[in-house]
Amino acid sequence: MIACAAGIPACGPTMPACPYQAELPPVASAGCLLNKGSSLLVVQGLNNRISVPGGSGEEGEAPRCTAYRETWEETGLPVKVGKIEKVFDTGFHLYRCRLLSPEATIDPPPRLEIRRAWFLPLAQFSDFEWRYPYQQALMHNWIREHQP
């Protein structure tokens, strides 16, 4: 019997297949903008900085698949990737996402890069250091415009 070590993807749950194959050419990186009311889904890296879930694309991977995969890898949440909200100067594609199931809970597979994931209330945005500080105001304004 082989013991599973933390951070080995094959030892955790299997990611659902990406439904967004034939679309735009691959991008360097992509992620999801997902809110529950006035709270934003964020991940906290090992450096304690927070950001929206996202990361680097794999070779030949469609942009929405990158957002889908990275969000699942960092949070365990299966999402529906919607329209693109913003393309940053870095080439990062930020998509509007929603949960596939309202009952879904944050339960990421074992990873070494993420300390935790949660829905951060708008009122607590300034309590954390952001990985990309300019995104704090951008996300704050976006949540205010899109909460029910």
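Each value in this text was obtained by applying a stated rule to the coordinates, not by laboratory testing. Bear in mind that the values here come from a model prediction, so they are computed numbers and not experimental data. Reconstructed Cβ throughout: ideal geometry from the backbone, glycine too, with neighbour counts over all protein chains shown.
For the peptides 76-83, 47-54, 104-111, 64-71, what is the packing order when you average, over each peptide's residues, the other Cβ atoms within 10 Å and list the highest mean first?
In decreasing order of mean packing, 76-83, 47-54, 104-111, 64-71 become 64-71, 47-54, 76-83, 104-111.
Please enumerate, by chain and number, the lysines with C-alpha under 18 Å from the C-alpha of LYS36, excluding those fewer than 8 residues away in the same chain.
By straight Cα distance, LYS36 reaches LYS80, LYS83.
Work out how much length LYS80 to LEU138 would gain on full extension: take 0.36 nm times their residue separation and subtract the Cα-Cα distance, in nm to one decimal.
That pair, LYS80 and LEU138, stretches by 18.7 nm at full extension.
Run lengths n ≥ 4 of DSSP H only: what is the helix-derived mean residue ellipticity at 222 nm for the chain, with -39500 (n - 2.57) per run over all residues, to the nearest 500?
Taking each H run of at least 4 residues, the total per residue is -5500 deg cm²/dmol.
Only sites in a loop by DSSP and with at most 16 other Cβ atoms within 10 Å count here; which chymotrypsin sites (Phe, Trp or Tyr not before Pro) in region 96-148 make the cut?
Loop-located and lightly packed - PHE128.
Looking only at GLY57, GLY91, GLY45, which one moves most when the chain is put into a Gaussian network model with springs between Cα atoms under 10 Å?
Top of the fluctuation ranking is GLY91.
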